[in-house]
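Take a look at the structure below.
The values are calculated or read from the model by the stated rules, or taken from the named source; none is laboratory data. Treat the numbers as computed from the prediction; the structure is a model and nothing was measured. Positions of Cβ are generated from backbone atoms using ideal geometry, with glycine treated the same way; all protein chains shown enter the neighbour counts.
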Amino acid sequence: EDQVTQSPEALRLQEGESSSLNCSYTVSGLRGLFWYRQDPGKGPEFLFTLYSAGEEKEKERLKATLTKKESFLHITAPKPEDSATYLCAVRLVVDSSYKLIFGSGTRLLVRP
Amino acid sequence: EAQVTQNPRYLITVTGKKLTVTCSQNMNHEYMSWYRQDPGLGLRQIYYSMNVEVTDKGDVPEGYKVSRKEKRNFPLILESPSPNQTSLYFCASSLGTAVETQYFGPGTRLLVL
C-alpha cells in the first residue's frame, strides 16, 4: 500500500537550535515529492519540489533533501516565525493518472 | 495578485441539503484539485482536473462531484451531505503536473449537522 509517514508528529526547538524533519514513503511510480508549510487557519504554502534521489533544494533556513526512501527538511538556526506545520506529499502515477498522497505533518514550535 | 479563492469560507448545513463550494484561480493554471483535511488523517485528495472537461477521482471521491467547464473554476458539489463530510476543504491549482508550484486556497470549513 502506498504510504507517506512524517516524523516526529511534533517538535519543539529553541531559537537557533537546528534540526531535521523526516518524510518516509513506500510508494511505486514516484513522480515528485513536495514540501509545504501550513500556518493555522490557512492553506498549505508550497516550499519545494524534489524529483530524484540526491536532489537538494534550499530556501532561507530550510533545505530539503531526497533519497530513494525518504526526504528530510533541515532547519538551520530556526526562528519563532518558522513555527508552523510542515507537510510532505508524494505524487504517483496510477493507471495513467496522477495521485497525490500527503503525510499527516510535523507541527514545529520554535521558542524564543 | 495571483490567488486561489474559495467561497464560502465557513458553512453550516444539514444532512441532505445540496451545497456547492466554489473555487476560482486567476493564474491560467491547467491543473486544479480538491482536498479535505481532517485531524490525524492529513490532506486527502478528493478530485482533480488536468484541464477543462477532464476530471478524475482522487483518494476519497465518494459523496462528491466536480465539474470543470471553464479553466478558472472548479466547483465542489455535495449532492446529499452527511456528517462524515464535516471537514476543512482546500482547493488548489498549478500550472502543470510535471513542474509546478501548487497554490492552495484559504480553505472552507464545513459542518454538516
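Quick notes on this structure:
- Hey, A:V110 in contact (Cβ under 8 Å) with a residue 24 or more places away in the chain and touching a helix residue (DSSP H, G or I) at 6+ places or on another chain (Cβ under 8 Å) or not: yes
- Pick from segment B:37-51, criterion surrounded by fewer than 16 Cβ atoms within 10 Å (Cβ to Cβ) and not charged (D, E, K, R), ranking: farthest from B:F104 (Cα to Cα): B:G40
- Residues that are in a strand (DSSP E or B), closer than 15 Å to B:V4 by Cα and at pLDDT 95 or above within segment B:71-113 comprise B:N73, B:L76, B:Y89, B:F90, B:C91, B:T108, listed in sequence order.
- The set of residues in segment B:18-60 being more than 9 Å from every other protein chain (Cβ to nearest Cβ), among the basic types (K, R) and part of a strand (DSSP E or B) consists of B:R36 alone.
- If you filter segment A:65-86 down to residues that are of a type outside the set (S, T, Y) and under 14 Å from A:S24 (Cβ atoms), you find that the one that is farthest from the chain's Cα centre (by Cα) is A:K68.
- Residues being over 11 Å from the mean Cα position of the chain (by Cα), under 18 Å from A:K42 (Cα atoms) and surrounded by 21 or more Cβ atoms within 10 Å (Cβ to Cβ) - total across segment B:5-36: 1
- Verdict on A:K68 being touching a Phe, Trp or Tyr at 6+ places or on another chain (Cβ under 6 Å) and either more than 27 Å from B:G58 (Cβ to Cβ) or surrounded by fewer than 19 Cβ atoms within 10 Å (Cβ to Cβ) (or both): no
- One residue stands out among those in segment B:61-70 that are at negative phi and not in a strand (DSSP E or B): the one that is nearest to the other protein chains (Cβ to nearest Cβ), which is B:P61.
- So B:V54, is it more than 14 Å from B:Y103 (Cα to Cα), surrounded by 13 or more Cβ atoms within 10 Å (Cβ to Cβ) and either in contact (Cβ under 8 Å) with a residue 24 or more places away in the chain or of a type in the set (A, V, I, L, M) (or both): no
- Any chance A:F48 is facing chain B (nearest Cβ under 8 Å), under 10 Å from the mean Cα position of the chain (by Cα) and at pLDDT below 95: no
- Complete set of residues in segment A:88-112 that are within 13 Å of A:Y36 (Cβ to Cβ), within 7 Å of another protein chain (Cβ to nearest Cβ) and assigned to a strand (DSSP E or B): A:L100, A:F102
- Test: residue in segment A:70-80 that is facing chain B (nearest Cβ under 10 Å) and hydrophobic (A, V, I, L, M, F, W, C): no
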